[in-house]
Every structure is written in structure tokens, then in C-alpha cells.
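Structure record follows, encoded as C-alpha cells.
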Amino acid sequence: MVCLGNICRSPLAEGIMRKKLNDCNIDAEVDSCGFESFHTGDRPDQRGIEVAQKNGIDISGHRARLFRVADFDEFDHIFVMDQRNYADVAAVARNQQDMEKVDFIMNMAYPASNTPVPDPYFGGRADFRKTWEMLDEATDRIIDQILNRKR
């Protein structure tokens, strides 16, 4: 899961996905990161922590980290939140094989739409709730796909 600073959208996506994987007894690794270093090592935005807690998920232990080229090797899928994130990932991709792993997370709910998940950082709690709702919907579709492949 990739966003700008790894303190708002991607930690929420990671937390939601981690809980859903656990609830479905699916053994998979999920992580999140960003491309801007100004929040490296920081906790998620408090508003994100609060919306996650209201939904039974604790993301307070997360610490922001930067995207690494090695992430292409460590993960089967790399989900981005918006066009800027996509461009950032594309800029460090080594080849087409790397890029085949990259997609907009909302394409899971709305295929080929490239719908962005707006950054709630400069918004309010309502913006974080909307972000949560979007990511919850997208991660439901990811779980559906995983479960359908297992059948």
C-alpha cells in the first residue's frame, strides 16, 4: 500500500487489509510505505488512528517508511492511492515486470477507473471517514479475489 507520506491513507489500507486477512485466516504479508521522507518514522495521523479504532483496528504502532525498490521483489501486488503515487512508483520501477504488480487500489472496486483515494491530510475527520470507506470497499474486493482463487 503506497501513499505520499505513509501517515494517512496507506496505514489505513494496511490496517484494514491486515484485519481482513486475519479474519479470513489468510496467510499473507501486507505493508505500507510512502515516497516523501518528511514523515519517516512518524506514527499515523491521529485522525486516522481514531477512525481505525472506531472500526476495531489499531494502527497506532505503525511507523512511516519510504518505498524501497526491494518492495518490488517482496510483494506480489503494490497498490497506490493516486496518480502521483503511481508516477512515483513507476519512476523507480526497474522493468515491466515491476510495473505489472502496480495498480490503483480503487481499481479493485471499480476496474480500470484509476479512481484516486483523496489525501485527507488537510481535511477533517469526515475526510478520514470517507477515506476509510473507500479503502474498506477496495479491500473487500481484494479479499474476495483471494478467496475466489483459493476455491
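No lab work stands behind these numbers, since they all come straight from the coordinates. Model, not experiment: these values are computed from the prediction. Note: ideal-geometry Cβ built from the backbone for every residue, glycine included; neighbour counts use all protein chains shown.
Highest mean first, how do 74-81, 117-124, 142-149 rank when packing is the count of other Cβ atoms within 10 Å averaged over residues?
Ranked by mean Cβ neighbours within 10 Å, highest first: 74-81, 117-124, 142-149.
Output the pairs from Lys101/Lys130; Lys19/Lys101; Lys54/Lys130; Lys130/Lys150 with a Cα-Cα distance over 19 Å in this structure; if there are none, say none.
Lys101/Lys130; Lys19/Lys101; Lys130/Lys150
With a/c under 1.5 counting as rounded, go ahead and sort segment 3-86 into rounded, prolate or oblate using the C-alpha gyration tensor (a ≥ b ≥ c being the square roots of the eigenvalues; past the cut-off, prolate if a/b is larger than b/c, else oblate).
Oblate, since a/c reaches 1.5 and b/c is not below a/b.
Could you work out how far the C-alpha centroid of segment 67-110 sits from that of segment 1-63, in angstrom?
17
Taking the Cα centre of segment 2-150 as origin and charging only Cβ (+1 Lys, Arg; -1 Asp, Glu), how large is the dipole, in debye to the nearest 20?
300
Can you name the helices of the chain, as whole DSSP H runs, whose Cα span along the helix axis is 18 Å or more and whose Kyte-Doolittle mean is not below -1.0?
The answer, listed by residue number, is 9-23.
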